[in-house]
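Participant: Before I ask anything, here is the structure I am working with.
We did not get these values from a lab; they are worked out from the coordinates using the rules stated. Please read all numbers here as calculations on a predicted model, not as lab measurements. Cβ atoms come from the backbone with ideal geometry, glycine included; neighbour counts cover every protein chain shown.
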Amino acid sequence: AQSVTQLDSHVSVSEGTPVLLRCNYSSSYSPSLFWYVQHPNKGLQLLLKYTSAATLVKGINGFEAEFKKSETSFHLTKPSAHMSDAAEYFCVVSGGGFKTIFGAGTRLFVKA
Amino acid sequence: DAGVTQSPTHLIKTRGQQVTLRCSPKSGHDTVSWYQQALGQGPQFIFQYYEEEERQRGNFPDRFSGHQFPNYSSELNVNALLLGDSALYLCASSSALRKETQYFGPGTRLLVL
């Protein structure tokens, strides 16, 4: 069985400060893990993915995530937030059978 | 290179009616998955099609059915619509070699009155 938990429903940061969006997962298989971003009234855009290669994964727009098997975590970070980063972020796990499970989402607010 | 496209963009139906949503995958992709995203929630997996057959299915009733055509495009059909079927329906495509990496279309927003 697989599951994914996004630990914060909302995160608020000031522009120029670091971003941390937390995600824990559970999987009976070696999972593939993803982060997607969804801007208002737009589709989902793939930010980055982990598929059993390097544990530190770099994505688009300066985001990166680290796969920590011992902690079953895949947190998303960015050193400096930009106003355009305000959006909904989804952590996703996919594994055996290729069923894909989305987290409930974290809404990121960026203050000027 | 066109990405994933979906039609229509918006749709309004009444309870009990039937609806068909359409999806064209990204060029080079042969696998299509459908998701339902209710307001304020994460997308929920409905089913996945590959080689014109349903390969995986989430926890959705039989009122939800689909089809994949030889050109890899796909349809999602929902019968006997309920108010609770109101949602954003997302289509995602991937290649058979990398099924887990999916690219999403903009979605169809369905409102059931």
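Participant: If you filter the range A:1-97 for trypsin sites (Lys or Arg not before Pro), then keep DSSP loop positions with at most 14 other Cβ within 10 Å, what is left?
Facilitator: Those that pass, being in a loop and sparsely packed, are A:K42, A:K69.
Participant: For B:Q17, what charge total do you get from the other residues with a beta carbon under 15 Å from its beta carbon, if Lys and Arg give +1 and Asp and Glu give -1?
Facilitator: So the surrounding residues net to +2.
Participant: Using only atoms on other chains, find how many Cβ atoms lie within 10 Å of each Cβ of peptide B:88-96 and report the average. Walk me through the numbers before you get to the answer.
Facilitator: On the way: counts 3, 0, 3, 1, 5, 0, 3, 0, 0.
Taking all residues of B:88-96 together, the mean is 2.
Participant: Here is a follow-up. Measure off 7 Å from each Cα along the Cα-to-Cβ vector at A:D8 and B:L111, then give the distance between these two points in nanometres to one decimal.
Facilitator: So the two model labels end up 3.4 nm from each other.
Participant: Give me the Kirkwood hydrodynamic radius of chain A in Å, from all C-alpha pairs, to one decimal place?
Facilitator: About 14.0 Å for chain A.
Participant: Relative to the compact-globule scaling 2.2 N^0.38 Å, provide the ratio for the alpha-carbon radius of gyration of the protein assembly as shown.
Facilitator: Taking N as the residue count of the protein assembly as shown, the ratio is 1.01.
Participant: Counting only other chains, what is the mean number of Cβ atoms within 10 angstrom of the Cβ of each residue in peptide B:33-44?
Facilitator: 4
Participant: Report the local net charge at A:I101: Lys and Arg +1, Asp and Glu -1, summed over other residues whose C-beta lies under 15 Å from its C-beta.
Facilitator: Every neighbour counted, the sum reads +3.
Participant: With just the Cα atoms defining each centre, how far is the range B:44-113 from the range A:1-69? Give it in Å.
Facilitator: Centre-to-centre distance over Cα atoms comes out at 23 Å.
Participant: In debye, nearest 20: dipole of the protein assembly as shown around its Cα centre with unit charges on the Cβ of K, R (+) and D, E (-)?
Facilitator: The calculated dipole for the protein assembly as shown is roughly 280 debye.
Participant: Another question, if that's okay. How many nm separate the modelled label positions at B:H10 and B:Q56, each set 7 Å beyond the Cα in the direction of the Cβ?
Facilitator: For B:H10 paired with B:Q56, the spin-label model returns 3.3 nm.
Participant: Quick one: longest stretch of chain B between exposed loop GluC sites (Glu not before Pro), exposed meaning at most 15 other C-beta atoms within 10 Å and loop per DSSP?
Facilitator: Here the longest segment lacking exposed loop sites spans B:53-113.
Participant: Using +1 at the Cβ of each Lys and Arg and -1 at the Cβ of each Asp and Glu in the protein assembly as shown, identify which of A:S84, A:L33, B:Y49 lies farthest towards the dipole's positive end.
Facilitator: Going by the Cα projections, it comes out as A:S84.
Participant: I've got another one for you. Assuming 1.306 mPa s and 10 °C, estimate D for chain B with Stokes-Einstein, Rh taken as the Kirkwood radius over Cα pairs, in µm²/s.
Facilitator: It comes out at roughly 115 µm²/s.
Participant: Which lysines have a Cα lying under 19 Å from the Cα of A:K58, excluding residues fewer than 8 positions away in the same chain?
Facilitator: Within the straight-line limit of under 19 Å, A:K58 reaches these lysines: A:K49, A:K68, A:K69, A:K78.
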